[in-house]
Each structure stands twice: as C-alpha cells, then as structure tokens.
Amino acid sequence: MNRLIRRTVGAIPVIIGISFLIFLLLHLAPGDPVTLMLGDNATPQDVENLRRELRLDQPILVQYGDFISRAVRGDFGKSLKFNEPVMKLVAERLPATLELAFASLLVAIMIAVPLGVYSAVKHNSLLDHAGMSIALIGVSLPNFWLGIMLIYFLGGQLNLLPVAGRIEYGIEIKSITGLYLLDSLLTGNLAAFWSAFQHLLMPAVTLGSALAAIVTRISRSSVLEVMRQDYVVTARAKGLNERTVIWRHILRNALITIVTILGLQLGALLSGSVVTETVFSYPGIGDLLIQSISARDYKLTQVLILMFAVTYFVVNLLIDILYSWIDPRIKF
Amino acid sequence: MFSLRFLKIWVGGAILSLLVVCGVAAPLLAPRDPQAQTLEDRLRPPRWLENGSPAYSLGTDNLGRDMLSRIIYGSRISLMVGVATVLFAGLVGCTLGAVAGYFGSTADEIVSKISEIFLAFPFLLIAIAIMAFLGQGVGNLIMALMLSRWVQYCRVVRGEVLSLKERDFVSAAKALGGRDFYVLYRHVVPNTFASVTVIATFGMAIVIITEASLSFLGLGVPAHIPTWGSMLSEGRSYINRAPWLTIFPGLAIFITVFGINLLGDGLRDIFDPKLRRQR
C-alpha cells in the first residue's frame, strides 16, 4: 500500500510537468492564437473579448495557475467550435474511445498470446517462423492503410460490414455507461448490440493489429525465457503433463512481461485511436481532437491532449497494481 | 540461422537502398512532373487494367497527376524526415543519456525527470500536439518527431553508460590521466554504438509511419508537397472508384517500413548476445 501511495504522490510532479508543457504549447503557436481562432473577419472587439475570456491578457504564470485551479475543479471552459462546455463534449465521446480501446486490446490479446506462446513452445519450427513473419508484417503495416483496405474490401467490395459510425442510423440505444455493447446487453436490445458490434469490428481489428504484432513477439521471447528456468524443469521432472506446465508454470510467469508491454503499448493504442477514429469517422475523443485542431479550437485541443496524457499515466499506474495480482511476490 | 540473419540484413538493406536511390534520384527516375495535371487523364487506372494507359504505369489521381512519379517523389519526404529525425533525436538523446549516465547526481536527476515527462506522453500524441500548435511544415515536422523520439536514445544510452563506466577499461583510461569528457567520448560512447544502431533502425521505421500518419491527418508537410500519407488521405474519397490511389502509396509505406524493420531485426540478432542464446 505504501508503495502505491508513493507511486501516486510521485506522479503529481510529472502530471504538473505535462500540464505545463501542454499549457505552453498554446503560447508556442506562431502568431496570435486569438486571431487564428477567430479568422480574418473578426473585429478588434471580438479579438479583445476572446483574449479576455481566455485570460491571455494576464501574465503567463497567472494564466497557468488559473488553468490548473480550473482544471482541478473540472472546469475547462467552453469549446469555440461546438459552443458547449468542453467536459460535456469529452463525456459524450470518451465512452466511444474506451470501448474501441478495450475491443482493440481484446483483439490483440486473443491473437497475440496464443500465437506467441505456440511459437515459443514450438520454437524454430516452420510455424514459429511463420508466426514471427506475420508479426513483422503486422508491425510494419500502417494501421490507417489497413483500415482503408478493410473499408475497401469488407465494406465496399463484399459489403459485409458498415464502414463508418458507431451504430446504424435509426437504432435507439438507452445510455447507461455510454459503452454501446454493454448498454445494449444491459437493456436486452439485441438489434443494437449486433449493430454496435458490427460497427466496432473493423476499427478494433485495425487498431489492435499493430499491438497484436508487438505482443506476439514479446510473448514468444518471454515464454522462451521462462521455459529455461529451473522450476519448469522441476515441474516436468515431477511428471506434470505439458498443458499444466505451460499454463500454470510458464504462462503465469511470462505474463508479467506481457502485461508490462500491454500497459506500455496502451499509450500507442490511445494515440493510435486518433488515426483509426479518423479513418472510420468513429465519434470518439481522437476524432474530436482532429476536428478541434482543424477548427483551431486551441482550448479544446489543449484539454483533449491533457486528457490523453493523464489517461495514459493513470492506466500505467493501474498496470502496476495489476502486477501484484498476477505475481503475489510483488507487494505494494 | 546465421545465414538467415544475414538474409534479413541483405533484404532490408536492399529495400532501404532502393528508398535512398528513389529519394536522391527522384528527378531522374520519375517519368513525369509529380505536380503536372492532365485533367483529361484524371483517375486513369494502372496500365494493366482496362482503360489503363502505358503513359501512366500506376495510373493517375483525381487531378490527372502521375501516381508513379508522385510515389517516387513522396519517398523524398519519408527519407528526409526519417534520416533527419534519427540524426537529431539520436544526437540529443545520446548526448543527454551519456552525460546523465556518466556524471550521475544532479545531471542524472534533471535528465531523468525531463525524460519521465516525455515518456508520460505517447510519442504520436506529442507529435500531434506540436504540429497542432506549430502548424504544417517540414521543419516543424522534424522538430515534432525529434521531440517525441529523443527519449528512447537517452534511456538506452544512459543505461549502457551506467554499466560501462564501472568497467576496467574505463578505470584504466582514467588512471592514465584521461579527462572525464575524453574518456566518455573516446571510450564509453563508442561502446554504445551497437545498441544505438539498432534503436536508430527501428526508430526510422517508426518515424516514417508517424510522418505518414501525420500527413494523413493533415498535420504533416504542406499539401502541395507529395507525401505517401497525404496521397492516401486524398485517395480515400475515391476508394471505390479508384482504389489504386490508396493501394500504391500504402504499399510504398509498408514495403519501406518492412524493409527497415527487417534490417533492424537482423542487426539486433547480431548485436544482442542474449537473443543469440535464445535461438
């Protein structure tokens, strides 16, 4: 518990550092951000009003203090493009990104762990080489291109799956958690579940494939490492069958490395969602970020980037906690 | 296995060389001006398809520009951004890592705290954030990518230097009167080159994909410069009518990144003795 508290307290300076860097970005923008945001047709009065509203007329440290004190209270102001509170926009779209991230993670684990373990157990076999070649191809595939190709073949040519959005137009869904798959199951709305599932499939495969490739390689090398340990030899020597040795003795110990890599890659998954959501017009935070950037809504962009960074940080903290569950030798 | 390792290096190296040749000799290799528009020939398919013309081997885009020429010219940006980022990020990261690892104490603490902040961001997000505020441009792009990549070099070099500085040859160099900076750059840093080469190779693959992603999102280089990412983005609207507009630039990115990753894999197999034992 002590270490957990230490870890959380230790995170505070890093989060402050992150927030300061993000805050500084607005001031690094070439030219006057207010003029850029309002465009050429704005009157000097409009510019002055917005400057006051954004508190850009104050000294930089006062602005930063103000930014932090509002952020702590959850008040991030209004979006210029959408004319709505930033937090409302984020709350509407965050579940979509989380659903996509979870689904991609699931896709990655389902492909990578069995493939990696199998490659390691049968290492140097033809299947091992084939598995590693697939992983190398997966790492090299730009995921936005994979997404466009899936849209072309599965959506356009074969007409098997919907190519954009989260759910079919006209299907109503009662929002409880905002996660469509979960909400439709909770309300027993199978039509909505099927539609949300179909809409999620291609984006999840697109986003999950690169992660799957990385995790396959890590799983393989991690299992190979564990297989050489003395306790595995002992387990075999005492006559345990191979399945028990692999599942209980090898995989359980190899999981630490796999979970670490999954945690580290979650950041890539979150930022990858920006690209994937753009490809599939998927209404999540990533899509919102690109919209806010192209509308030069700096306030919204600042908050969204901060949200991504903090989410990534919190996820890594949670991964640390997960270790003690996987490996009871690690105590917090 | 030894020959397979070299096969990876040969194939990867050949693909990387092809990229270099395409980038450097683009004006000689490209059959047409990549910007020249021939509106009567717009959306012409590749030569082997129905309606294809021998004048346009890979077809034309929505403005009648030659796809092959644009792909050849597009390699310039990938190559330039890839090499420049790897060089700058490597230089900054290795220098800071070496200083932090060798001198320890305050230098190490400062560098470690700064790198922790950069590590707290996913690197694509750092690049998106910087490009969002600085705007499009090759210089901005290289800076954004450099800021998101230097930390990888810094961490690895710091770790290696920490262990190398305790070795006998370093003590011997010091005993012979070598000054700190001399020992660091003459004896310690050269011993990190193997790891740095491997990270730089994989790093270049990541940078090329990131550059393409940023250009795809409209956050890369200005729209008039042909890049593989922006070609993909423009071609997306014509995916069902003219799939070659997205297939070829995507293939170009994939083959390049695959080649560089193959080269990185081969180099790592040779340089990493732990991995050699695993085989």
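State whether one or more residues within region B:167-184 are within 14 Å of another protein chain (Cβ to nearest Cβ) and surrounded by fewer than 21 Cβ atoms within 10 Å (Cβ to Cβ). No, every residue in region B:167-184 fails to be within 14 Å of another protein chain (Cβ to nearest Cβ) and surrounded by fewer than 21 Cβ atoms within 10 Å (Cβ to Cβ). For region A:133-141, the count of residues that are within 12 Å of chain B (Cβ to nearest Cβ), of a type outside the set (Ser, Thr, Tyr), surrounded by 13 or more Cβ atoms within 10 Å (Cβ to Cβ) and over 30 Å from residue A:257 (Cα atoms) is zero.
Of the residues making up region B:124-179, those that are under 23 Å from residue B:194 (Cα atoms), in a helix (DSSP H, G or I) and basic (Lys, Arg) number 3.
Looking at region B:229-237, can you tell me whether even one residue there is out of contact with any Lys or Arg (no Cβ under 9 Å at 6 or more places or on another chain), more than 13 Å from chain A (Cβ to nearest Cβ) and among the polar types (S, T, N, Q)? Scanning region B:229-237, I find no residue that is out of contact with any Lys or Arg (no Cβ under 9 Å at 6 or more places or on another chain), more than 13 Å from chain A (Cβ to nearest Cβ) and among the polar types (S, T, N, Q), so the answer is no. Of the helices (runs of 4 or more DSSP H) lying entirely inside region A:218-332, those containing at least 3 residues that are within 11 Å of chain B (Cβ to nearest Cβ) and either without any contact (Cβ under 8 Å) to a residue 40 or more places away in the chain or at positive phi (or both) span A:285-294, A:298-326. For first residues located in region B:18-29 and at pLDDT below 95, partners that are in a helix (DSSP H, G or I) and charged (D, E, K, R) and lie 6+ apart or on another chain with Cβ distances below 9 Å form the pairs B:22/B:76; B:23/B:76; B:24/B:76; B:26/B:76. Enumerate the pairs (first residue in region B:60-87 and without any contact (Cβ under 8 Å) to a residue 24 or more places away in the chain; second residue anywhere and in a loop (DSSP other than H, G, I, E, B) and not charged (D, E, K, R)) with beta-carbon separation below 8 Å, excluding pairs fewer than 6 apart on the same chain, so at least 6 apart or on different chains. That search, which allows pairs on different chains as well, returns B:60/B:38; B:60/B:43.
Just so you know, in region A:101-127 the residues that are surrounded by fewer than 17 Cβ atoms within 10 Å (Cβ to Cβ) and over 22 Å from the mean Cα position of the chain (by Cα) include one that is farthest from the other protein chains (Cβ to nearest Cβ), and it is A:114.
Residues that are polar (S, T, N, Q) and surrounded by fewer than 21 Cβ atoms within 10 Å (Cβ to Cβ) were ranked within region A:251-303; the one that is farthest from the chain's Cα centre (by Cα) is A:253. Can you tell me which condition residue A:150 does not meet? The list is (1) buried (at least 21 other Cβ atoms within 10 Å of the Cβ); (2) over 16 Å from residue A:203 (Cα atoms); (3) of a type outside the set (Lys, Arg), and all the others hold. Condition not satisfied by residue A:150: (2). In this entry, residue A:213 passes the filter for residues that are within 11 Å of chain B (Cβ to nearest Cβ) and either within 30 Å of residue A:133 (Cβ to Cβ) or buried (at least 17 other Cβ atoms within 10 Å of the Cβ) (or both). When you check residue B:199 against the structure, is it surrounded by 21 or more Cβ atoms within 10 Å (Cβ to Cβ), among the hydrophobic types (A, V, I, L, M, F, W, C), more than 12 Å from chain A (Cβ to nearest Cβ) and part of a helix (DSSP H, G or I), yes or no? So residue B:199 fits the description; yes.
Report whether or not residue B:123 is over 14 Å from the mean Cα position of the chain (by Cα) and either at the interface with chain A (Cβ under 10 Å from one of its Cβ atoms) or within 21 Å of residue B:23 (Cα to Cα) (or both). So residue B:123 fails the test. Kindly indicate whether any position in region A:164-172 is in a loop (DSSP other than H, G, I, E, B), aromatic (Phe, Trp, Tyr), more than 10 Å from every other protein chain (Cβ to nearest Cβ) and farther than 18 Å from residue B:254 by Cβ. Yes, region A:164-172 contains at least one residue that is in a loop (DSSP other than H, G, I, E, B), aromatic (Phe, Trp, Tyr), more than 10 Å from every other protein chain (Cβ to nearest Cβ) and farther than 18 Å from residue B:254 by Cβ. Checking each residue in region A:154-201 for being at positive phi and either under 24 Å from the mean Cα position of the chain (by Cα) or surrounded by 17 or more Cβ atoms within 10 Å (Cβ to Cβ) (or both) picks out A:165, A:178.
Scanning region B:97-109 for residues that are of a type outside the set (Asp, Glu), surrounded by fewer than 22 Cβ atoms within 10 Å (Cβ to Cβ) and in a helix (DSSP H, G or I) gives B:99, B:103, B:105, B:106, B:107.
Scanning region B:121-159 for residues that are surrounded by fewer than 23 Cβ atoms within 10 Å (Cβ to Cβ) and among the small types (Gly, Ala, Ser) yields B:135, B:137, B:139, B:159. Checked against the criterion of being surrounded by fewer than 24 Cβ atoms within 10 Å (Cβ to Cβ), facing chain A (nearest Cβ under 9 Å) and in contact (Cβ under 8 Å) with a residue 60 or more places away in the chain, the candidates B:265, B:269 yield just one match: B:265. For the structure I just gave you, tell me whether residue B:210 is within 30 Å of residue B:52 (Cα to Cα), within 14 Å of another protein chain (Cβ to nearest Cβ) and buried (at least 22 other Cβ atoms within 10 Å of the Cβ). No. The single condition among (1) touching a Pro at 6+ places or on another chain (Cβ under 9 Å); (2) at pLDDT below 95; (3) not β-branched (Val, Ile, Thr) that residue B:272 does not satisfy is (1).
The residue that is nearest to residue B:252 (Cα to Cα), counting only those in region B:33-67 that are outside any loop (DSSP other than H, G, I, E, B) and in contact with a helix residue (DSSP H, G or I) (Cβ under 8 Å, 6 or more places away or on another chain), is B:67.
For residue A:52, indicate whether it is touching a residue at least 60 places away in the same chain (Cβ under 8 Å) and charged (D, E, K, R). Answer is no for this residue.
The values are calculated or read from the model by the stated rules, or taken from the named source; none is laboratory data. Keep in mind it's a predicted model, so treat the numbers as computed, not measured. Cβ atoms come from the backbone with ideal geometry, glycine included; neighbour counts cover every protein chain shown.
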